[in-house]
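*Asks:* Following this message is one structure expressed as structure tokens.
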Amino acid sequence: MNQSTTPRARSVEEFGAMMERLQKFELENFRPLEAQPGDVFITSWAKSGTTLTQQMFHQLRTGGDMDFDDISRMTPWEDSAAITDSDMNMPQRASPRGFKSHREYERLPAGCRYVITLRDPVETYISFHRFFEGWGIERGAISLEEFFPLWMMGGPGGCDYFTHLLSWYARRNEPDTLLVNYRWVVKNKPKMIRRLADFCGIELSDELATLVEERTSREFMFAHKDKFDDAMICAAFEKKLGIPADSDSTKVQEEGSDPAKVPQSVVEQINAMWAERVAPVTGHADYASLAAELDARWDA
């Protein structure tokens with residue numbers, strides 16, 4: 001199949017050009033965010049638990065609202081607001097206000113609250129590739145080896161993995177920052193629900209805690225996966241680029257991604273960048289060591 005028969009990208013260069021075209025349309029509704037004290041930013045890096053945390057936050061603050069078409073309409077995605085032509089200041093259904101981002105601290109409004117789940121970089125790599133393949137990228141067109149530059153882009157308006165991690169690791173002791181290892185959240189969900197509620201100033205009953213735990217399970221979210229498939233950005237891709245909105249862009253898969261599928265050459269590139277950029281700053285030789293530090297903090 002050639003490019004004339006599909007709007008999806010078949011190379012890294014085509015994907016980059018496609019993302020550039022998204023920025024060139026006239027905006028009718030877009031208004032940048034006017035942040036308020038107490039706003040909550042769920043600002044994990046791409047494919048690191050953002051959707052799970054959005055759902056957990058929204059269920060906590062609303063007491064179980066599921067009447068929405070896209071979780072990113074409930075907690076608007078600031079990074080992509082121009083692409084979706086969204087007004088970031090539209091009233092939200094409950095307080096505190098919540099927003100999604102994949103950005104580092106330095107490019108977010110100061111004076112807010114920030115929730116970040118970190119994930120092993122190799123796990124994010126396979127999950128990122130799996131997400132785009134068959135939607136923005138023609139299936140089978142860009143191999144895992146070729147995907148590296150797109151992984152480094154970090155998604156619309158974002159930053160690279162290492163910039164994001166170092167920015168938030170530096171703020172791990174700040175009272176306005178809740179920094180957690182994604183795998184810890186999955187294994188200790190009741191603890192995370194209570195910590196998030198406390199962090200956001202939300203009163204939590206045992207009944208609500210049980211409800212939120214149920215509605216953030218993989219089984220529940222997969223059964224309602226159409227609410228977690230980036231419907232708003234899919235609609236923008238269809239309107240502006242002709243990419244069908246019915247493509248499989250869900251963030252929730254029946255089974256998790258397997259990092260063992262990432263080629264060794266890619267793993268070595270990631271490890272080399274970790275050794276150059278992260279290890280000298282954090283003292284951690286790999287992600288497992290850094291995660292152990294965070295886990296010990298929350299297990300205490």
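The values are calculated or read from the model by the stated rules, or taken from the named source; none is laboratory data. All values reported here derive from a predicted model rather than from experimental measurement. Cβ atoms come from the backbone with ideal geometry, glycine included; neighbour counts cover every protein chain shown. With ligands, DNA and RNA removed, areas are computed over all heavy atoms of the protein, side chains included. Shrake-Rupley method; radii C 1.70, N 1.55, O 1.52, S 1.80 Å.
*Asks:* Can you confirm whether Phe68 is assigned to a strand (DSSP E or B) and either open to solvent by 10 Å² or more (accessible area, probe 1.4 Å) or not polar (S, T, N, Q) (or both)?
*Replies:* Values: assigned to a strand (DSSP E or B): no; either open to solvent by 10 Å² or more (accessible area, probe 1.4 Å) or not polar (S, T, N, Q) (or both): yes.
Here the answer is no, as Phe68 does not meet what is asked.
*Asks:* When only residues in the stretch 115-142 that are of a type in the set (Ser, Thr, Tyr) and buried (at least 22 other Cβ atoms within 10 Å of the Cβ) count, which is farthest from the chain's Cα centre (by Cα)?
*Replies:* Tyr125
*Asks:* If Glu133 satisfies every condition in (1) touching a residue at least 60 places away in the same chain (Cβ under 8 Å); (2) touching a Lys or Arg at 6+ places or on another chain (Cβ under 6 Å) but one, which is the exception?
*Replies:* (1)
*Asks:* Related question: Which count do you get for residues in the stretch 71-94 that are open to solvent by 30 Å² or more (accessible area, probe 1.4 Å) and assigned to a helix (DSSP H, G or I)?
*Replies:* Total meeting the criteria: 4.
*Asks:* Follow-up. Taking the condition closer than 30 Å to Gly134 by Cβ, at pLDDT 95 or above, aliphatic (A, V, I, L, M) and buried (at least 19 other Cβ atoms within 10 Å of the Cβ), does Val266 pass? Break it down stepwise before answering.
*Replies:* Details: closer than 30 Å to Gly134 by Cβ: yes; at pLDDT 95 or above: yes; aliphatic (A, V, I, L, M): yes; buried (at least 19 other Cβ atoms within 10 Å of the Cβ): yes.
Considered against the rule, which asks whether it is closer than 30 Å to Gly134 by Cβ, at pLDDT 95 or above, aliphatic (A, V, I, L, M) and buried (at least 19 other Cβ atoms within 10 Å of the Cβ), Val266 comes out as yes.
*Asks:* Are there any pairs with C-beta distances below 7 angstrom linking a residue in the stretch 184-199 that is under 19 Å from Ser48 (Cα atoms) to a residue that is surrounded by 17 or more Cβ atoms within 10 Å (Cβ to Cβ) and polar (S, T, N, Q), with the two at least 6 apart or on different chains, and if so which?
*Replies:* What qualifies is Val185/Thr117; Lys189/Thr216.
*Asks:* Further question on the same structure: Restricting attention to the stretch 1-33, which residues are open to solvent by 60 Å² or more (accessible area, probe 1.4 Å) and assigned to a loop (DSSP other than H, G, I, E, B)?
*Replies:* Answer for the stretch 1-33, where residues must be open to solvent by 60 Å² or more (accessible area, probe 1.4 Å) and assigned to a loop (DSSP other than H, G, I, E, B): Met1, Asn2, Arg10, Gln23, Lys24, Phe25, Glu26, Leu27, Glu28, Asn29, Phe30, Pro32.
*Asks:* Do any residues in the stretch 147-166 that are among the β-branched types (Val, Ile, Thr) have Cβ atoms under 7 Å from those of residues that are open to solvent by 10 Å² or more (accessible area, probe 1.4 Å) and assigned to a loop (DSSP other than H, G, I, E, B), where the two are at least six apart or on different chains, and which pairs are they?
*Replies:* Thr163/Glu104
*Asks:* Follow-up question, since we're still on this one. Show the residue pairs meeting these rules: Cβ distance below 9 Å; 6+ apart or different chains; first residue within the stretch 258-273 and in contact (Cβ under 8 Å) with a residue 60 or more places away in the chain; second residue among the hydroxyl-bearing types (Ser, Thr, Tyr) and open to solvent by 60 Å² or more (accessible area, probe 1.4 Å).
*Replies:* none
*Asks:* Based on this model, can you work out whether Arg97 counts as of a type in the set (Lys, Arg), loosely packed, with under 14 Cβ neighbours inside 10 Å and modelled with pLDDT of 95 or more?
*Replies:* Values: of a type in the set (Lys, Arg): yes; loosely packed, with under 14 Cβ neighbours inside 10 Å: no; modelled with pLDDT of 95 or more: yes.
Criteria not met by Arg97.
*Asks:* Does the stretch 212-237 hold any residues that are open to solvent by 40 Å² or more (accessible area, probe 1.4 Å) and in a loop (DSSP other than H, G, I, E, B), and which are they?
*Replies:* Selection gives His224 alone.
*Asks:* What is the residue count in the stretch 159-185 for residues that are acidic (Asp, Glu) and closer than 26 Å to Asp258 by Cα?
*Replies:* Selection size over the stretch 159-185: 1.
*Asks:* Hey, among Asp206, Asp295, which residue is farther than 15 Å from Gln59 by Cβ and either charged (D, E, K, R) or open to solvent by 20 Å² or more (accessible area, probe 1.4 Å) (or both)?
*Replies:* Every option except Asp295 fails the conditions.
*Asks:* Let me ask something additional. Name every residue in the stretch 173-183 that is surrounded by 16 or more Cβ atoms within 10 Å (Cβ to Cβ), under 18 Å from Val40 (Cβ atoms) and either free of Cβ contacts under 8 Å to residues at least 60 places away in the same chain or not hydroxyl-bearing (Ser, Thr, Tyr) (or both), in order of residue number.
*Replies:* Leu178, Leu179, Val180
*Asks:* Do we find a residue being crowded, with 21+ Cβ neighbours inside 10 Å and in a loop (DSSP other than H, G, I, E, B) anywhere in the stretch 143-154?
*Replies:* Yes, because at least one residue in the stretch 143-154 is crowded, with 21+ Cβ neighbours inside 10 Å and in a loop (DSSP other than H, G, I, E, B).
*Asks:* Okay, next question. If you check Gln36 against the conditions, is it farther than 27 Å from Phe162 by Cβ, at pLDDT 95 or above and either aliphatic (A, V, I, L, M) or open to solvent by 10 Å² or more (accessible area, probe 1.4 Å) (or both)?
*Replies:* Working: farther than 27 Å from Phe162 by Cβ: yes; at pLDDT 95 or above: yes; either aliphatic (A, V, I, L, M) or open to solvent by 10 Å² or more (accessible area, probe 1.4 Å) (or both): yes.
Spelling it out, Gln36 is indeed farther than 27 Å from Phe162 by Cβ, at pLDDT 95 or above and either aliphatic (A, V, I, L, M) or open to solvent by 10 Å² or more (accessible area, probe 1.4 Å) (or both).
*Asks:* I need the full set of residues from the stretch 171-211 which are in contact with a helix residue (DSSP H, G or I) (Cβ under 8 Å, 6 or more places away or on another chain) and not in a helix (DSSP H, G or I), in order please.
*Replies:* Scanning the stretch 171-211 gives Arg171, Arg172, Thr177, Leu178, Leu179, Val180, Asn181, Asn188, Ile202, Glu203, Leu204.
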